[in-house]
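Below is one structure, written out as structure tokens, with a few remarks after it.
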Amino acid sequence: MKSIRNSAVRFFLFVGVAIFIVTFAMISVEARKHHNSRNKPHKHLKGKGSNGHNAPDPAENIPAPAPAPLPYHGSYPARSTIFDVLSFGAKGDGVSDDSKALLAAWKAACKVSGAVVEIPAKFEFLIKPITLQGPCMPHLVLEIDGILLAPPQAGAWPKSGLFQWLNFKWVHDFTIQGTGKLDGQGSAWWGPSGVYYIQKRFKHIPDMKPTALRFYDSHNVTVRDIKIMNSPQCHLKFDSSSGIKVDNITINSPESSPNTDGIHLQNTKDVEIQHSNIGCGDDCVSIQTGCSNIHVHHINCGPGHGISLGGLGKDKSAACVSDIVVEKISLQNTLSGVRIKTWQGGVGSVKNVTFSDIEVSDVKYPVIIDQFYCDKKICKNQTDAVAISGVKYDRIIGSYSVQPLHLACSNDVPCTDVDLIDIQLKPSSDGFRGFRQALCWNSYGKSQAPLLPSSIDYCLRSESGSVKRIARSHAEHSLPVMSN
């Protein structure tokens, strides 16, 4: 009887232990499931991208359009900031119009902080005139590793695109960079036939050609490493902008291409242009009215017309340019070296300008101030002029092919505080037939040896108080009154 009782007790104990073990195992499995579900990476949400397609599934390796950005709640994974134009329908064959794909990628990237619009290498993208507009989220980048092509025929440009090809408007904290290039395919515009076709097609259109890359009312912009070539007109323009940095770019168009300035600044301040190679059919760097605090250095220029301030004061307009430093420049076979050019009849001032460490090789006119600038056969003589003061030329060395120094200042408004320091310029060849003498007309200041040719030493007039008062009075009274 006792053995039966003991057996029953052992049976019930065995059953209880078995139930406990099974229950514990089930709880452990559920806990493991819950833990795994919390730590497993979430799959992409299925939704519509900016072009109407579903977002890509990570499990699929098929390229698909990038999704529209989700609401921002912190940092994104690195890949979610890449907006490849191929993912927005671009063909990249150099023939199909990829303008809409670029615009779609831009609009999507514009909403994401730190986004990159990617122009991939090994592809060519035909882009018609387009405006890429801000404001966007900070630190937007346009990465150009492939080739962007403008329409090759002048007749393919719409009337609205005659001013510029790629127009960036209201962008802040923005960078263009990459190993690729922008080809304006401008040869059709350089001859008279291209302009004639446009004027015939669009009545009352003046003689205009598109700028390749233009920034308007943009701030804290960097352009670096890219190549811009064969623009119909100016290659890179900044208008009404500030905080600009241009670094290590290449600009290239034939010497015979008319008005193809390399970099053009107007109404723009706080600019640094450095370590770049520029060859074109006009000014390598052109600094126009409304510019201040400009630093241009370590530039190779040629072919072209050199580094220029102006032309200023055209059509009796007011021009104000100040605080310009141009240094460590190499110029080869250019029309001019460093120059200031103004139109007769203009008003305003150019002041606090320094040109230093300039090396010239076979440059026609290494140093120029021309207050009688005229792009026609005949220009009417006028008494008003943009007042020029505080201009220093320091260490200008090399060879010239026409004239070493040409300072032609206004008859009525003299150039004042002009310094000529360490100017050493020799004729470029033994068969030289140009002018060996420096020209200084109504220009006042001081010179400091070494000076070559020796005529530079007595080129400038000594200043008197009356001369300075005339120049200062003209500059002050000719400035426009700013309203509050």
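Structural remarks
- V117 sits among other residues whose Cβ lies under 13 Å from its own Cβ, and their net charge, with Lys and Arg +1 and Asp and Glu -1, is -3.
- Placing pseudo-labels 7 Å out from each Cα toward the beta carbon at R224 and K446 gives an inter-label distance of 4.1 nm.
- Spin-label pair S256/A121, simplified geometry with 7 Å Cα→Cβ offset, distance in nm: 3.5
- Surface composition of region 321-440: carbon plus sulfur atoms contribute 44% of the solvent-accessible area (1.4 Å probe, protein chains only, all chains present).
- One decimal place: the segment Q382-S462 gains 26.3 nm when fully extended, by the rule 0.36 nm per residue minus the C-alpha distance.
- Residue ranges 294-303, 435-444 sort as 294-303, 435-444 when ordered by packing (mean number of other C-beta atoms within 10 Å per residue, highest first).
- Two-site label geometry, N300 and D419: point separation in nm, points 7 Å out along Cα→Cβ: 3.1
- In this calculation the C-beta distance from M208 to K426 is compared with R0 = 56 Å, giving a FRET efficiency of 0.85.
- Cβ charges +1 (Lys, Arg) and -1 (Asp, Glu), total dipole of region 333-445, debye: 380
- Kirkwood hydrodynamic radius (C-alpha pairs) into Stokes-Einstein, region 229-304, 20 °C and 1.002 mPa s, D in µm²/s: 177
- Using the Cβ-Cβ distance between Q133 and S454 with R0 set to 56 Å, the FRET efficiency works out to roughly 0.45.
- Legend: distances between Cα atoms for K107/K209; K377/K446; K91/K128; K209/K376; K181/K209; K111/K269; pairs beyond 25 Å are K107/K209; K377/K446; K111/K269.
- Centre separation in Å (Cα based) which lies between region 368-420 and region 103-143: 43
- Straightening the chain between H275 and D412 buys 45.4 nm, computed as 0.36 nm per residue apart minus the Cα-Cα spacing.
- Ordering G390, P414, S401 by the projection of their Cα atoms onto the charge dipole of region 381-427, which places +1 on the Cβ of Lys and Arg and -1 on the Cβ of Asp and Glu, puts S401 at the extreme positive end.
- Gain upon complete extension [S96, S330; 0.36 nm per residue less C-alpha separation]: 80.2 nm
The values are calculated or read from the model by the stated rules, or taken from the named source; none is laboratory data. Values in this document were obtained by computation on a predicted structure and should not be read as measured data. Every residue, glycine as well, gets a Cβ built from its backbone with ideal geometry; the counts of neighbours run over all protein chains shown. In case anyone asks, the SASA skips ligands and DNA or RNA and just uses the protein heavy atoms, side chains included. Shrake-Rupley method; radii C 1.70, N 1.55, O 1.52, S 1.80 Å.
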